[in-house]
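Just below is one structure, and these are the notes that go with it.
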């Protein structure tokens, strides 16, 4: 598979996550999919990943990510992204603040046979919590 096709698949996942298109997520993610996400002690499988994304979209219904850079080599695609949204629903037990935020993050997606089989994601969770005023910013 070409790096160009791998980039297309990696980008398609970002777009499918926004739309909540579960059928598209099942098409893009391998049944053996595993996601590594900071703060979650065990890797998420495909079902857990979809449930987690649904919870994010309930809490931040206008959340959108823009891929700012994408680099592919072999079967991996690295993405640098910027996300924006508004806290309108409960997020990890925190009531809606109504605050808008903008964060950056990076992800590496491993693709085998036209399916994403593994992802390592690193969003700016500290920046998110500070912008939502869940935790204070340092002076």
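Each value in this text was obtained by applying a stated rule to the coordinates, not by laboratory testing. Remember, it's a predicted structure, so these values are computed and weren't measured experimentally. So basically every Cβ, Gly included, is an ideal-geometry build from the backbone, and we count neighbours across all protein chains shown.
Output the residue which, of all residues in region 106-139 that are in contact (Cβ under 8 Å) with a residue 12 or more places away in the chain and in a loop (DSSP other than H, G, I, E, B), is surrounded by the fewest Cβ atoms within 10 Å (Cβ to Cβ).
Filtering first and then ranking leaves 113.
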Within region 24-46, is even one residue surrounded by 17 or more Cβ atoms within 10 Å (Cβ to Cβ), farther than 15 Å from residue 116 by Cα and touching a helix residue (DSSP H, G or I) at 6+ places or on another chain (Cβ under 7 Å)?
no
Restricting to region 81-105, name every residue that is under 25 Å from residue 43 (Cβ atoms) and exposed (fewer than 13 other Cβ atoms within 10 Å of the Cβ).
90, 92, 93
So which strands (runs of 3 or more DSSP E) are wholly in region 1-102 and hold at least 3 residues that are closer than 16 Å to residue 124 by Cβ?
64-73, 76-86
